[in-house]
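Presented below is the structure to which this report refers.
The values are calculated or read from the model by the stated rules, or taken from the named source; none is laboratory data. Note that the coordinates shown come from a computational prediction; the quantities given were computed from them, not determined experimentally. Methodologically, a virtual Cβ is constructed for each residue, glycine included, from the backbone with ideal geometry; neighbour enumeration extends over all protein chains shown.
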Amino acid sequence: MKKSKTKTIKPKPKAAPKTRKKTAVATPKPPKRDNKATYLEFIEQVLNAGNFSVAADYLAPDVTTHNGFPGQEPGREGFIAALKAFHGAFPDLRANVTHTVAEGDRVVCRFEVTGTHRGTFLGMPGSGRKVHYQEIAIVRMEDGKIAEHWSVADALAILQQLQTSEIV
């Protein structure tokens, strides 16, 4: 007679419960602001509406103005002071955007600007004369703020309309 071999089945040791790796849940970042939209908002809020209390929200602290007004101080404070002075001279200033092109960190706008000369402008006292001129501005945006600014305005048209130059 043969002996039968009996297999003893041993219970498998219970595996430690699997723990899920805790993965950090990324806090959703606010959507990156579109440079073109940001600059156009700056034009409306600050340049046209004269809301200087929000100007710093649109300007880098060390913003560079490549061709500012005579005597314009550097940086954000100088930029805002120049805008305030211009608004003081032309309180009803309106810059109507006619063309806008944006690529990468650059935004280019062409404006038709109107206003009435009511305060001192470049040493000239207010005359009550209306001005209409064209301007092109280029800005470089960095982290959603204006970091550099170039602007070319039709200064001859302004002077002709103010009738302050002997050459006009």
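With respect to PRO91, determine if the residue is in contact with a helix residue (DSSP H, G or I) (Cβ under 7 Å, 6 or more places away or on another chain) and either touching a residue at least 12 places away in the same chain (Cβ under 8 Å) or loosely packed, with under 15 Cβ neighbours inside 10 Å (or both). Give the derivation first.
Numbers: in contact with a helix residue (DSSP H, G or I) (Cβ under 7 Å, 6 or more places away or on another chain): no; either touching a residue at least 12 places away in the same chain (Cβ under 8 Å) or loosely packed, with under 15 Cβ neighbours inside 10 Å (or both): yes.
When the stated conditions are applied, PRO91 does not pass them.
Looking across VAL101, VAL131, one residue alone is more than 17 Å from GLN45 (Cα to Cα), exposed (fewer than 14 other Cβ atoms within 10 Å of the Cβ) and among the hydrophobic types (A, V, I, L, M, F, W, C). It is VAL101. Checked against the criteria, ILE80 counts as surrounded by 15 or more Cβ atoms within 10 Å (Cβ to Cβ) and farther than 18 Å from ASN35 by Cα. When GLU112 is tested against (1) assigned to a loop (DSSP other than H, G, I, E, B); (2) at negative phi; (3) not β-branched (Val, Ile, Thr), exactly one condition is not met: (1). PRO61 meets all of the listed conditions (1) over 21 Å from LEU40 (Cβ atoms); (2) more than 17 Å from the chain's Cα centre (by Cα) but one, namely (2).
Within segment 65-88, identify whether any single residue is of a type in the set (Ser, Thr, Tyr), farther than 19 Å from ALA155 by Cβ and touching a strand residue (DSSP E or B) at 6+ places or on another chain (Cβ under 8 Å), and answer yes or no.
Scanning segment 65-88, I find no residue that is of a type in the set (Ser, Thr, Tyr), farther than 19 Å from ALA155 by Cβ and touching a strand residue (DSSP E or B) at 6+ places or on another chain (Cβ under 8 Å), so the answer is no.
For segment 58-68, the criterion of being at positive phi, outside any strand (DSSP E or B) and modelled with pLDDT under 95 is satisfied by no residue at all.
Among the residues of this structure, THR120 does not count as one that is crowded, with 16+ Cβ neighbours inside 10 Å, farther than 15 Å from ALA153 by Cβ and more than 15 Å from the chain's Cα centre (by Cα).
Residues are listed down the side, and each one gets a yes or a no for (1) modelled with pLDDT under 60; (2) aromatic (Phe, Trp, Tyr); (3) surrounded by 15 or more Cβ atoms within 10 Å (Cβ to Cβ); (4) in contact with a helix residue (DSSP H, G or I) (Cβ under 9 Å, 6 or more places away or on another chain):
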site	(1), (2), (3), (4)
LYS18	no, no, no, no
LYS21	no, no, no, no
VAL25	no, no, no, no
LYS32	no, no, no, no
LEU40	no, no, yes, no
GLY50	no, no, yes, yes
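Hey, does segment 62-72 have a residue that's surrounded by fewer than 17 Cβ atoms within 10 Å (Cβ to Cβ) and in contact with a Lys or Arg (Cβ under 9 Å, 6 or more places away or on another chain)? Checked against the condition, which is being surrounded by fewer than 17 Cβ atoms within 10 Å (Cβ to Cβ) and in contact with a Lys or Arg (Cβ under 9 Å, 6 or more places away or on another chain), segment 62-72 yields at least one hit.
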